[in-house]
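> The structure's right below; bear with me while I get my questions together.
The values are calculated or read from the model by the stated rules, or taken from the named source; none is laboratory data. Everything numeric here is computed off the predicted structure, so don't read it as measured data. A quick note on method: Cβ atoms are made from the backbone with ideal geometry, for glycine too, and the neighbour counts reach across all protein chains shown.
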Amino acid sequence: MINMSMFRILAMIVLLYYAIPRLDFSGNGLSFAFSVTWSIYAVLVIGGQVLAIKEASKKRLNVQSGKSKENKPQKYRSYSR
């Protein structure tokens, strides 16, 4: 899980490195909107992968320390008498 997330972060950084000089931030209209939207999407992807790595390492630490809890959903309704 962590290796795949690291690969995705690296791939997105390479895409950013390749694309930023080619995106037209000084233009107006559709080209500017595309550049801004693509940049925001790239930052969101990187942030999501960083969060995935953080959560995976947190789960791994809980399992190693023996503090893993089985999260069972709490029952809100009881139909028995």
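Here's the yes/no breakdown for (1) touching a residue at least 40 places away in the same chain (Cβ under 8 Å); (2) in contact with a helix residue (DSSP H, G or I) (Cβ under 7 Å, 6 or more places away or on another chain); (3) surrounded by fewer than 11 Cβ atoms within 10 Å (Cβ to Cβ); (4) not in a helix (DSSP H, G or I):
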site	(1), (2), (3), (4)
Asn3	no, no, yes, no
Leu10	no, no, no, no
Asn28	no, no, yes, yes
Ser31	no, no, no, no
Phe34	no, no, no, no
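> Residue check: is Ile40 aliphatic (A, V, I, L, M), exposed (fewer than 12 other Cβ atoms within 10 Å of the Cβ) and part of a helix (DSSP H, G or I)?
Numbers: aliphatic (A, V, I, L, M): yes; exposed (fewer than 12 other Cβ atoms within 10 Å of the Cβ): yes; part of a helix (DSSP H, G or I): yes.
So Ile40 passes the test.
Listed here are the residues, each with its yes/no results for (1) in contact with a Pro (Cβ under 6 Å, 6 or more places away or on another chain); (2) at pLDDT 90 or above; (3) more than 22 Å from Val14 (Cβ to Cβ).
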site	(1), (2), (3)
Asp24	no, no, no
Ser35	no, yes, no
Leu44	no, yes, no
Gly47	no, yes, no
Ala52	no, no, no
Asn62	no, no, yes
Ser65	no, no, yes
Ser68	no, no, yes
Tyr79	no, no, yes
